[in-house]
Amino acid sequence: MEMEMEKRRSSPGGNSKLTATAFALLAVGILLSAFTLRSEGSFSRFGFAYLWGFTFLWAIVLGSLFFVALQHITGAVWSVVVRRVAEILASPMWLVAVLFVPVLLAVLLPGVFSLYPWTDAKTVAADSLLHGKDAYLNVSFFVLRAAVFFALWIGFARYFVGTSLRQDRGEAGAAATLGMRKASAPFIMIFAATATLAGIDWVMSLSPRWFSTIFGVYVFSGMVATALAAITITTVALRSSGRLGKDVVTDEHLYNLGALMFTFVCFWAYIAFSQYMLIWYANIPEESFYMVHRLEGGWLGVSVALALVRFAVPFLVLLSRRAKMSPRVLAAVSVLLLGGQLLDLYWLIMPEYHRTGPVLGWQEIGPTLLVVGLLMLYVTHFLRRHAPVAVGDPLLGESRRFHL
């Protein structure tokens, strides 16, 4: 098995095309971002656009790390053959930390980017509500929290991925699998707290007067659905290219990925509706203004499209067993869900800048193309160095024989 995976790793496959596509996206993203920054008065627009692209990448990477830990803590056997794909997507957490620097600059230079209202001392002083939140929403504490978040995420990512790769090289045996299972429990608890606080810090605090006690769960549900879509589409691509043969990732494995996507599609819809329904029913001004703004003008169309793209269409498509076992259907739904995450983040972020209605120009697209290109480059680099499946995992043989 190890020799077989080594041959697949060293074969060119679709690496050249993927690398060329990644470089093209990266180049276009850099150019568009540079043009935006050079445009007069466009720093604020770039700040919101960059946050949009950054949070999309963050959701994929951190959600994939959660998937890895979830498989370890549950002792799942079926997922061993696809877990390496999640490890690949979780590994560049250090890159996410580097790409967070522009967000930090937006916080440290509020007069330039005007991203977060609570960074403006005059605005806080004139608003008693914001002044009451100043103990939490202040620049020093924001930076400290971000440093702690990334230190924890990078540490766990290096441990899980590094241990799995050492098993490939025969440097870590079955005891390493037990060690990763034990480490998964504290990570899950840390993930719950840090993902919630990061979502509040980076997205919810764009509208610091808003209150929502369910926002952290909303971020979690969308993040996991997005990570599952990225894992699934990468698995299908590796399978179709021959890097992961049909004898390794079978239709039964694809079914489980499809079933998980279906589950989190429903879970996201439940949380989204719960948040909206509770705010609508209570009709408290401190909560309702956020939703009212997103149901007015052009934003109403975005809200309806979000419900269709993130729930209605994937729900109906993934209902059947056959759809969950079809690589083409799963790839199409995965693309739809990734687009749905972008639309969701646009719905969360952009109304705070484009107040009168949605606007989507090249100024908004550049940073997203940049981060997607970087992620694709990292994936190709990883696959050139390592096998696409965890060949050293003692449960790999049992996972390959998995049947529903």
- Message: Can you find a residue that is more than 18 Å from L345 (Cβ to Cβ) and surrounded by 24 or more Cβ atoms within 10 Å (Cβ to Cβ) anywhere in segment 92-100?
- Response: yes
- Residues being within 16 Å of F67 (Cα to Cα) and surrounded by fewer than 20 Cβ atoms within 10 Å (Cβ to Cβ) - total across segment 164-192: 9
- Message: Looking at the structure I just gave you, is F262 under 23 Å from V85 (Cβ atoms) and in contact with a Leu (Cβ under 6 Å, 6 or more places away or on another chain)?
- Response: yes
- Note on the structure: L70 vs (1) out of contact with any helix residue (DSSP H, G or I) (no Cβ under 7 Å at 6 or more places or on another chain); (2) at pLDDT 95 or above; (3) not in a helix (DSSP H, G or I): all pass except (3)
- Item | Test: residue in segment 80-89 that is out of contact with any Gly (no Cβ under 9 Å at 6 or more places or on another chain), over 26 Å from G53 (Cβ atoms), surrounded by fewer than 13 Cβ atoms within 10 Å (Cβ to Cβ) and in contact (Cβ under 8 Å) with a residue 60 or more places away in the chain | no
- Selection within segment 106-149 - part of a helix (DSSP H, G or I), surrounded by 15 or more Cβ atoms within 10 Å (Cβ to Cβ) and either modelled with pLDDT of 95 or more or under 28 Å from the mean Cα position of the chain (by Cα) (or both): A106, V107, P110, F113, P117, W118, T119, V139, F142, R145, A146, F149
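Determine whether segment 370-392 contains at least one residue that is more than 22 Å from V161 (Cα to Cα) and either modelled with pLDDT of 95 or more or not polar (S, T, N, Q) (or both).
Within segment 370-392, one or more residues are more than 22 Å from V161 (Cα to Cα) and either modelled with pLDDT of 95 or more or not polar (S, T, N, Q) (or both).
So, V359, is that one among the hydrophobic types (A, V, I, L, M, F, W, C), without any contact (Cβ under 8 Å) to a residue 40 or more places away in the chain, within 26 Å of V203 (Cα to Cα) and not in a helix (DSSP H, G or I) or not?
On the way: among the hydrophobic types (A, V, I, L, M, F, W, C): yes; without any contact (Cβ under 8 Å) to a residue 40 or more places away in the chain: yes; within 26 Å of V203 (Cα to Cα): yes; not in a helix (DSSP H, G or I): yes.
Yes, satisfied.
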- Item | Failed criterion for V372 (all others in (1) free of Cβ contacts under 8 Å to residues at least 40 places away in the same chain; (2) buried (at least 17 other Cβ atoms within 10 Å of the Cβ); (3) part of a helix (DSSP H, G or I) hold) | (1)
- Restricting segment 333-354 to residues that are without any contact (Cβ under 8 Å) to a residue 60 or more places away in the chain and over 18 Å from the mean Cα position of the chain (by Cα), the one nearest to A59 (Cα to Cα) turns out to be P351
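The values are calculated or read from the model by the stated rules, or taken from the named source; none is laboratory data. The shown structure was predicted, so the numbers you read here are calculated from the model rather than taken from an experiment. We place every Cβ from the backbone using ideal geometry, glycine too, and count neighbours over all the protein chains shown.
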